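Shown next, in structure tokens, is the structure this report addresses.
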Amino acid sequence: MNQRLAELPARPGVYLMKDAKARIIYVGKAKLLDRRVRSYFDGRDKSGHRAARLMVPYIRDIEWVLCESEHEALVLEATLIKKHWPRYNVRQKDDKHFPYLMLTMNEPYPRLIVVRHIRDDGNLYFGPYLNVRAMRHLLDLVPRLFHIRECDLKLPLKTPIRPCLAWHIGRCDAPCANQCGIEDYGKQVKQTARLLEGKRDDLLKQWEGEMKSLSQEFRFEEAAKIRDRIQALQATTSRQKADLNNAGIDLDAIAVCRTGTLGCAVILEYRGGMLVERRHFPLECNLEQEESEILAEFLPAWYLQDGTAPVEILVEHDLEDVKIFEETFSEKAKRKIHINTPQRGDKPGFLRLARANAEMLLIELKSKELKYDEIDQSVFVLQKELGLAHTPFRLECFDISHLGGTDTVASMVSFRNGRPERSQYRRYKVKTVEGIDDFASMREIVGRRLKRLMEEDKPLPDLLVIDGGKGQVEAAWAVVHSLGLFELPVIGLAKRLEEIVFPGGKETILLKRSSPAIKLLQRARDEAHRFAITFQRSLRKAHLRVEWLSDLPGVGPALQNKILKEWKTKAGFLAATPEELETVIGKKRAVTIRELVAGKAY
């Protein structure tokens, strides 16, 4: 790996991290490849260092692709992520291709059809549409307003044919029957494109002018047709008005929320001063990045692959590469694109609305994933009472048990959705601590548990609960901190007053005894204590059970097992007849062993 790092060039490009099976697990872009990639391994870059704790242990090889500029690297990064779906990149969980509406401009008489991919073929594409019902509504509206043909005939025909039903009911101008010329049909196509671009107000203003002009010329029948168009468009495309000073503004307001490895991105699309669409995307964030990092990955994934960027994009966080994004999006859209983080005026309100939608949808996604009805409400109360950043859907509770410093053991019990998850219970023998030292024992056990989860690439709990006070909690937190798991909360439950103890000098708190949160913690603590005591007693019993046979000359492990299999206790062994002893252990040893056992204190 050191050799590969030494070979990195000081040029812009895209780097691909691979695991032991040569699978691509992460794709990133860099202004200078050597600096960016090395930062994952030396911790100079904060975001890279965070990723390193989770991802770098699995990296076995690095490849890179040199690019002429950062713009080219940004486009290539988005393309490679879409192609390979690396495990540690932010991923849209729903990988289906959303539908588009395409105006077939390469035909003399264009049609409006549904497609799933955008191609550079001269046609006009609109979308993508996440709300398929709304798209179908538009598909039905266009023939009624603009008489765009719905057939798949290759027009113009050499020999005109008889008009179909669409002409008779006023949904088509019958170019197949030479009832409409290319020039008149083209005007209708242009108006269709304006509607699909969101320029509804422009159309209404134009039609109102035409209707007024026709009325003044006493062409009332034609004016009535335009009036009907206006009413149909107003009735069928009525949308919630946005509170904008500029009624013709086009912008997207984007918010990203994350909890654990699950995230949600929301785009509110304003076109012509109106909120016309809300798009949302479930995201899989295996590195649990900050929301600004997720946003930086999401923007090119959407606007360079599927989405059409408006003139302005509003985001909540300042982006490091905002100029690169603007230039790259502008180049693709062939017009100037601005990415802003507004602080004043009306626009911050659009971002607040987008964030409220993202938070709401994230709760819905999390609930669906975890079957909300099966979740005990104490879980949500606990999050609120402790002020936790993430809901503790899964918590693990640890306890230490010993008898006078001997047979020191530990237990870990798991609660999922507020209920015991007994298949995940674990018990431990303390290996590195002699005598009575609960703090050192807690450090060992918590460290063993978390390291095992990280090595096996299993999900970490949402909360660690320690049966004990300040000392035990600080010991556990020291281990968590040393492993770089700074976002994993640790608390303790002290027995004396049932106080909730926090690490780092934070004051303890007392909850009401009737609170579902304290009852959940008590159930977990009592279950961990029961599980530890049961294990410790079982070890003690095993030691006591063979104590009357230990250290006897001529009685090894094999003979001990033979005797214990026949007689479970010392009293049973001494009550056996000489004939029974002789049958099991032989005549010569029977008398000797019996005398030794009888004379041994117990």
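The values are calculated or read from the model by the stated rules, or taken from the named source; none is laboratory data. Fair warning: this is a prediction, and the values are worked out from it, not measured in the lab. Heads up, the Cβs are rebuilt from the backbone with ideal geometry, glycines too, and the neighbour counts pull from every protein chain shown.
Structure summary
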item: Residue 422, sole failed condition from (1) surrounded by 15 or more Cβ atoms within 10 Å (Cβ to Cβ); (2) at pLDDT 90 or above; (3) not hydrophobic (A, V, I, L, M, F, W, C); result: (1)
item: All positions within segment 175-191 that are in contact with a Pro (Cβ under 8 Å, 6 or more places away or on another chain) and assigned to a helix (DSSP H, G or I); result: 175, 176, 177, 182, 185, 189
item: Residue selected from segment 321-343 under the condition among the basic types (Lys, Arg) and in a helix (DSSP H, G or I), by the criterion surrounded by the fewest Cβ atoms within 10 Å (Cβ to Cβ); result: 323
item: Any hit, segment 507-526, residues being within 28 Å of the chain's Cα centre (by Cα) and part of a loop (DSSP other than H, G, I, E, B); result: no
item: Pairs where the first residue, in segment 351-364, is more than 14 Å from residue 281 (Cα to Cα) and the second is modelled with pLDDT of 85 or more, C-beta under 6 Å, 6+ apart; result: 351/253; 351/314; 351/316
item: Residue check, residue 576 assigned to a loop (DSSP other than H, G, I, E, B), at pLDDT 80 or above, more than 58 Å from the chain's Cα centre (by Cα) and not β-branched (Val, Ile, Thr); result: yes
item: Counted residues, segment 483-499 - those being modelled with pLDDT of 90 or more, surrounded by fewer than 20 Cβ atoms within 10 Å (Cβ to Cβ) and part of a strand (DSSP E or B); result: 1
item: Members of segment 458-482 found to be surrounded by 16 or more Cβ atoms within 10 Å (Cβ to Cβ) and touching a residue at least 40 places away in the same chain (Cβ under 8 Å), listed by number; result: 461, 462, 463, 464, 465, 466, 467, 468, 472, 476
item: Enumeration of residues in segment 238-262 that are buried (at least 19 other Cβ atoms within 10 Å of the Cβ), small (Gly, Ala, Ser) and modelled with pLDDT of 50 or more; result: 253, 255
item: Filter result for residue 297 (touching a helix residue (DSSP H, G or I) at 6+ places or on another chain (Cβ under 7 Å) and outside any strand (DSSP E or B)); result: no
item: Evaluation of residue 287 against (1) hydrophobic (A, V, I, L, M, F, W, C); (2) in a loop (DSSP other than H, G, I, E, B); (3) out of contact with any Leu (no Cβ under 9 Å at 6 or more places or on another chain) (one fails), failing number; result: (3)
item: Residue ID - modelled with the highest pLDDT, chosen from residues in segment 263-320 that are surrounded by fewer than 21 Cβ atoms within 10 Å (Cβ to Cβ) and basic (Lys, Arg); result: 279
item: Subset of segment 152-174 (residues that are loosely packed, with under 13 Cβ neighbours inside 10 Å and part of a loop (DSSP other than H, G, I, E, B)); result: 152, 154, 157, 158, 159, 161, 162, 169, 170
item: Segment 574-588, residues that are among the hydrophobic types (A, V, I, L, M, F, W, C) and surrounded by 15 or more Cβ atoms within 10 Å (Cβ to Cβ); result: 576, 581, 584, 585
item: Answer from 537, 523 - the residue that is among the basic types (Lys, Arg) and modelled with pLDDT of 90 or more; result: 523
item: Tally of residues being among the basic types (Lys, Arg), part of a helix (DSSP H, G or I) and within 30 Å of the chain's Cα centre (by Cα) across segment 442-480; result: 4
item: Criterion violated by residue 361 - all others in (1) surrounded by 18 or more Cβ atoms within 10 Å (Cβ to Cβ); (2) modelled with pLDDT under 85; (3) in contact with an Asp or Glu (Cβ under 9 Å, 6 or more places away or on another chain) satisfied; result: (3)
item: Criterion (at pLDDT below 85 and outside the structural domain of residue 310 (by TED's automatic domain parsing)) met by exactly one of 111, 119; result: 119
item: Every residue from segment 157-187 that is among the charged types (D, E, K, R) and either out of contact with any His (no Cβ under 6 Å at 6 or more places or on another chain) or in contact (Cβ under 8 Å) with a residue 40 or more places away in the chain (or both); result: 158, 162, 171, 183, 184, 187
item: Qualifying residue in segment 437-444 (condition: surrounded by 14 or more Cβ atoms within 10 Å (Cβ to Cβ) and among the hydroxyl-bearing types (Ser, Thr, Tyr)); result: yes
item: Every residue from segment 317-340 that is more than 10 Å from residue 296 (Cβ to Cβ) and either outside the structural domain of residue 297 (by TED's automatic domain parsing) or charged (D, E, K, R) (or both); result: 318, 323, 326, 327, 331, 332, 334, 335, 336
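Yes/no per residue for (1) modelled with pLDDT of 90 or more; (2) among the aromatic types (Phe, Trp, Tyr); (3) surrounded by fewer than 21 Cβ atoms within 10 Å (Cβ to Cβ); (4) not assigned by TED's automatic domain parsing to the domain that holds residue 258:
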residue: 384; (1), (2), (3), (4): no, no, yes, yes
residue: 392; (1), (2), (3), (4): yes, no, no, yes
residue: 405; (1), (2), (3), (4): no, no, yes, yes
residue: 408; (1), (2), (3), (4): no, no, no, yes
residue: 413; (1), (2), (3), (4): yes, no, no, yes
residue: 417; (1), (2), (3), (4): no, no, yes, yes
